[in-house]
1. Using the Kyte-Doolittle scale, find the helices of the chain whose mean hydropathy is at least -1.0 and whose Cα atoms extend 15 Å or more along the helix's long axis, counting only whole DSSP H runs.
2. Tell me, what are the semi-axes, in whole angstrom and largest first, of the equivalent ellipsoid of the stretch 4-129 as set by the roots of 5 times the Cα gyration tensor eigenvalues?
3. Given springs between every Cα pair under 10 Å in a Gaussian network model of the chain, which of ARG160, ARG151, ARG58 has the largest fluctuation?
4. Run the dipole for the chain about the Cα centre, Lys and Arg Cβ at +1, Asp and Glu Cβ at -1, nothing else charged, and hand back the magnitude in debye, nearest 20.
5. Among HIS116, ALA171, SER103, which residue has its Cα furthest toward the positive end of the charge dipole of the chain, with +1 on Lys/Arg Cβ and -1 on Asp/Glu Cβ?
Amino acid sequence: MPDKKTIEKAKKDKREGKSPTTQAGEFVHDEIEKVRRGKHGARSTKQATAIGLSEARRAGVDLPPPKKRSVKESTRKSAEYAYEVGQGERKPKRSPKVSKAVSEVLEHEPKNTASHEALSRQTKQAASRRTAEERSAAAKKASETKGTAGRSAAARKAVRTKGAAGRKKAAQKAASTRAGRT
């Protein structure tokens, strides 16, 4: 069950006009944090992501299930069920025995599947399946939706977080601009 804070964040995203995938991202992030804190584990980063997406659908995020043949039929059916529950089209059946069994299984799964390294590996793997054109289009769309202030803040953060080399370059650039003004 997602936290109230997570649901609020998703609702805020919806009010701001952000896409359903961005709203669902709040639930995925929450799920990854649960795995990192050791509340339960996950067999893979994909599983942690799938749990988060399922919670998002059940919470009412308008994230339709994947199309036929794009994923396993059982996965699609599960996503369809969660979506219908979230949209109020179906009443969820309570099954405490199954729920307890799933929780116990997840407790014994590894916790390192939500590490920074594992997530980075998964992200790179997913990106490699997309064409350069698709990746470029996604980047352009992201920069457009960020806005001027957002892009500026992201650039400053990039300089800060690039490590010692990035900070050194930033310091040199700042010094050269100061020298040019005087």
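Only the coordinates and a few stated rules stand behind these numbers; no lab work does. Just so it is clear, the model here is predicted, and its values are computed rather than measured. Please note: Cβ atoms are built from the backbone with ideal geometry, for glycine as well, and neighbour counts cover all protein chains shown.
1. Length and hydropathy pass: 45-58, 96-107, 132-161.
2. Numbers: eigenvalues 93, 74, 53 Å².
Sorted largest first and rounded, they come to 22, 19, 16 Å.
3. The residue with the greatest mean-square fluctuation here is ARG160.
4. Numbers: 48 positive and 21 negative charges, 157 e Å.
Charge dipole of the chain: 760 debye, to the nearest 20.
5. In the chain, that residue is ALA171.
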